[in-house]
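The values are calculated or read from the model by the stated rules, or taken from the named source; none is laboratory data. In this text, all values refer to a predicted model and were calculated from it rather than measured experimentally. Cβ: placed from backbone, ideal geometry, glycine included. Neighbour counts: every protein chain shown. When the accessible area is computed, the model is the full protein with side chains, heavy atoms only, and any ligands, DNA or RNA have been set aside. Shrake-Rupley method; radii C 1.70, N 1.55, O 1.52, S 1.80 Å.
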Amino acid sequence: MKLVGLTGGISTGKSTVSSMLVEQGIPIIDADKIARDVVEPGRKANQLIRQHFGDQVFLSDGRIDRPKLGQIIFQDPEKRKILNKCTHPYVRLEMLKEAFKYWIKGADIVVFDVPLLIESKLDKFMSYTVVVYSSESIQLKRLKERDGLTDELAMQRIKAQMPMAEKIERADIVIDNSTDLEQLKIQVKNMAKKVRPSTFTWLLEYIGPPVAIITTLYVFVYSAPYLLRSVGDAIATLK
């Protein structure tokens, strides 16, 4: 099963690309959705956030006050690191579980939609890293329209992330979302064709690990008596 990492910058259109891939029947593991789930009341990450940030970032029902927490972490890089430490281990565990489920189902490809894919070094585990790009001016415009932010706050959030130029350098495939949806669809289709493995490759990767494990167990079980006799003979010789 090919693992494809999908990332980008804030408001570059990564979610739009992800939706287009879903329409093509490609399974998506959405890190943002998982991140929302792992901080629900009663979850360990929720407790850690309260421990480090206090009651001020919580609503009366125990859920995270996202705008308030966002304001804190985008102004203070150290606070952002603390939040990541509270959530990332649990997000990664859930992503691993979902990937395993798709492998069991026989999926030939799965896309990890992760905003901080490169920053968290998860790109090292991917067969391909795909970066969705748009110019900074377009990012700024989209972010202001989406979240109702001022120029200053919107730019603060853009600058808080790894520069797009650095992400592009680490990418295997770059999707330019600076034009229109039709052009974006064409790029996404081409990307899907490139990363999807052949049937032979999929079979090899799907049945390879189980066959290797079974073969190892078979050899161990049937060679164990011989190995034990050999050890016994060696001990007897030493005597």
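Scanning segment 168-186 for residues that are free of Cβ contacts under 8 Å to residues at least 60 places away in the same chain and open to solvent by less than 50 Å² (accessible area, probe 1.4 Å), which turns out farthest from the chain's Cα centre (by Cα)?
S178
Considering only residues of segment 20-30 that are at pLDDT 95 or above and either in contact with a Pro (Cβ under 7 Å, 6 or more places away or on another chain) or not aliphatic (A, V, I, L, M) (or both), which is least open to solvent (accessible area, probe 1.4 Å)?
P27
Taking the options V131, V174, name whichever one is in contact with a Ser or Thr (Cβ under 8 Å, 6 or more places away or on another chain), closer than 25 Å to V22 by Cα and not polar (S, T, N, Q).
V131
Out of A224, A165, I need the residue that is over 22 Å from L21 (Cα atoms), exposed (fewer than 10 other Cβ atoms within 10 Å of the Cβ) and either among the hydroxyl-bearing types (S, T, Y) or modelled with pLDDT under 95 (or both). Which one?
Residue meeting the stated conditions: A165.
Quick check: is even one residue across segment 66-88 touching a strand residue (DSSP E or B) at 6+ places or on another chain (Cβ under 6 Å) and open to solvent by less than 40 Å² (accessible area, probe 1.4 Å)?
No, every residue in segment 66-88 fails to be touching a strand residue (DSSP E or B) at 6+ places or on another chain (Cβ under 6 Å) and open to solvent by less than 40 Å² (accessible area, probe 1.4 Å).
Which one of the conditions (1) of a type outside the set (S, T, Y); (2) open to solvent by 30 Å² or more (accessible area, probe 1.4 Å); (3) closer than 19 Å to I73 by Cα does K194 fail to meet, given that it meets all the rest?
Condition (3) is where K194 drops out.
Could you list, in sequence order, the residues of segment 118-148 that are among the polar types (S, T, N, Q), part of a helix (DSSP H, G or I) and open to solvent by 40 Å² or more (accessible area, probe 1.4 Å)?
Scanning segment 118-148 gives a single hit, S137.
Restrict the check to segment 99-108 and report whether at least one residue is open to solvent by less than 60 Å² (accessible area, probe 1.4 Å), within 27 Å of K68 (Cα to Cα) and of a type outside the set (V, I, T).
No, segment 99-108 contains no residue that is open to solvent by less than 60 Å² (accessible area, probe 1.4 Å), within 27 Å of K68 (Cα to Cα) and of a type outside the set (V, I, T).
Being open to solvent by less than 20 Å² (accessible area, probe 1.4 Å), hydrophobic (A, V, I, L, M, F, W, C), in contact (Cβ under 8 Å) with a residue 60 or more places away in the chain and assigned to a strand (DSSP E or B) narrows it down to one residue among V17, V4; which is it?
One residue alone meets the criteria, V4.
With the structure loaded, tell me whether I34 is open to solvent by 20 Å² or more (accessible area, probe 1.4 Å), within 23 Å of R146 (Cα to Cα) and in a helix (DSSP H, G or I) or whether it fails that test.
No: the conditions fail for I34.
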